[in-house]
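Structure first, commentary second.
The values are calculated or read from the model by the stated rules, or taken from the named source; none is laboratory data. None of these values were measured; they are calculated from a predicted model. Because the Cβ atoms are built from the backbone with ideal geometry, glycine has one as well, and the counts that use them run over all protein chains shown.
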Amino acid sequence: MKFYFAPMEGITGYPFRNAFQQCFPGIDRFYTPFLSANDTFSFTTREIHDTDPALNHVPELIPQIITNNSEMFVWAIEEMSKLGYTEVNLNAGCPSGTVVAKGKGSGMLRYPDRLDSFLEETFELLEQRHINCSVSVKTRIGIHDVSEAEELIPIYNRYPLKDLIVHSRVQKEFYRGEVHYETFRNFIDHIRHHLVYNGDIHTRDDYDKIIQMFPEIDTVMIGRGLLVNPALVREIQGGEPVTIHEIKSFHDTLVDNYIPEMGSEKNVLFKVKEYWGWLSKSFSGSDRYMKEIRKSKNLAEYRAAVRTLMANCKLERDDYRVS
Ligand SMILES: Cc1cc2nc3c(=O)[nH]c(=O)nc-3n(C[C@H](O)[C@H](O)[C@H](O)COP(=O)(O)O)c2cc1C
């Protein structure tokens, strides 16, 4: 089985990915959170850093692009190709209201004929311009209703996609409710591309359930489960559960990695506090200590609050489920 780390905007930028790889090796492939290809035909400094090969120390990295315009998409693919990337991923899954309103992310699924034209134009332009870079797609299964997947499958089948990563929920569901397993089965039965399963693998039991249901699958992408339990893949592979020592060392590496990237102490604090929203779920009784972490105004106060939490809270071992 191959394990991909899901892109998570605001969290899994290169400082996080590098720290993760150093402390919890075992992920086969990482994805950048989405980079915007828009009419400025330029990337932000953050996006440039996030895809800079010199700053990235993971085995495999795939840049992810969000756009609804094939000309802009192909521009972004060419830029990534110049950096040495051989595959670019299209975001057709982001459920955020502002993104969807612009017809991007899972907003691309609202008008399947436009998605079809977008892909058609993209592959046409790639050929015309002799750009040798594969395209993969990360998609949801519709906007309102699972039946919309019926129309999406033949569209995805028409193009030479490298991978199709499927999060089997519709846009309206965000991350709520059960994954639609029967729709994912439909993708397995009808998609001609290499299919990657994504969604709600938070524990080894979740993983076992997925591979029992879908024995054909050879690659899974995991997101939130790895934020809460960074040793999840090791556990799935029969290894030891995470220790407090490992979490401490990962956290220290993360802070060290953010310092040169974020510019100011305030920005570093913002980033690491955001991650604690996830990491705190792996400690029982962390609520009262989290207040101190949130209140901290500088790195010294922050580090002291983290030390107190780690000294007083036990790691959850039985249930890492993300709510
Ligand atoms: C905070 C957050 C940010 C995310 N950002 C992205 C993103 O930039 N691109 C993307 O394709 N998916 C994004 N996702 C979706 C995840 O990649 C993944 O599909 C989702 O979390 C479901 O997988 P999981 O159940 O293993 O977490 C994001 C999810 C979360 C919770």
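Points worth noting:
- Residue that is surrounded by fewer than 20 Cβ atoms within 10 Å (Cβ to Cβ) and modelled with pLDDT under 95, where the choices are GLY277, GLY238, GLY263: GLY263
- Only one entry in TYR207, TYR197, TYR159 is among the aromatic types (Phe, Trp, Tyr), assigned to a loop (DSSP other than H, G, I, E, B) and touching a helix residue (DSSP H, G or I) at 6+ places or on another chain (Cβ under 8 Å), namely TYR159.
- Checked against (1) more than 10 Å from the ligand (Cβ to nearest atom); (2) under 15 Å from the mean Cα position of the chain (by Cα); (3) under 17 Å from VAL228 (Cα atoms), MET8 meets all criteria but (1).
A quick yes/no check of all residues on (1) touching a residue at least 60 places away in the same chain (Cβ under 8 Å); (2) surrounded by fewer than 17 Cβ atoms within 10 Å (Cβ to Cβ); (3) of a type in the set (Gly, Ala, Ser):
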{"site": "ASN157", "(1), (2), (3)": "no, yes, no"}
{"site": "LEU161", "(1), (2), (3)": "no, no, no"}
{"site": "LEU164", "(1), (2), (3)": "no, no, no"}
{"site": "HIS167", "(1), (2), (3)": "yes, no, no"}
{"site": "HIS190", "(1), (2), (3)": "no, yes, no"}
{"site": "ASP218", "(1), (2), (3)": "yes, yes, no"}
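- Residue check, GLU216 farther than 21 Å from THR67 by Cα and assigned to a loop (DSSP other than H, G, I, E, B): yes
- Scanning region 140-155 for residues that are loosely packed, with under 15 Cβ neighbours inside 10 Å and not small (Gly, Ala, Ser) yields HIS144, ASP145, GLU150, GLU151, PRO154.
- Number of positions in region 21-46 that are within 13 Å of the ligand (Cβ to nearest atom) and more than 13 Å from the chain's Cα centre (by Cα): 2
- Selected residue (only one of ALA37, ALA101 is of a type in the set (A, V, I, L, M), without any contact (Cβ under 8 Å) to a residue 24 or more places away in the chain and out of contact with any Cys (no Cβ under 9 Å at 6 or more places or on another chain)): ALA101
- There is at least one residue in region 163-174 that is within 24 Å of the chain's Cα centre (by Cα), among the hydroxyl-bearing types (Ser, Thr, Tyr) and not in a helix (DSSP H, G or I).
- Qualifying residue in region 13-20 (condition: touching a Lys or Arg at 6+ places or on another chain (Cβ under 8 Å), within 15 Å of the ligand (Cβ to nearest atom) and more than 16 Å from TYR85 (Cβ to Cβ)): yes
So that you can scan it fast, the table gives a plain yes or no per residue for (1) without any contact (Cβ under 8 Å) to a residue 12 or more places away in the chain; (2) within 12 Å of the ligand (Cβ to nearest atom); (3) not assigned by TED's automatic domain parsing to the domain that holds THR32:
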position: ARG110; (1), (2), (3): no, no, no
position: PHE118; (1), (2), (3): no, no, no
position: GLU127; (1), (2), (3): yes, no, no
position: ILE131; (1), (2), (3): no, no, no
position: SER136; (1), (2), (3): no, yes, no
position: HIS144; (1), (2), (3): no, no, no
position: SER147; (1), (2), (3): yes, no, no
position: LEU152; (1), (2), (3): no, no, no
position: LYS172; (1), (2), (3): no, no, no
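- Looking across region 219-234, the residues that are near the ligand (Cβ under 9 Å from one of its atoms) and touching a strand residue (DSSP E or B) at 6+ places or on another chain (Cβ under 8 Å) come down to VAL220, MET221, ILE222, GLY223, LEU226.
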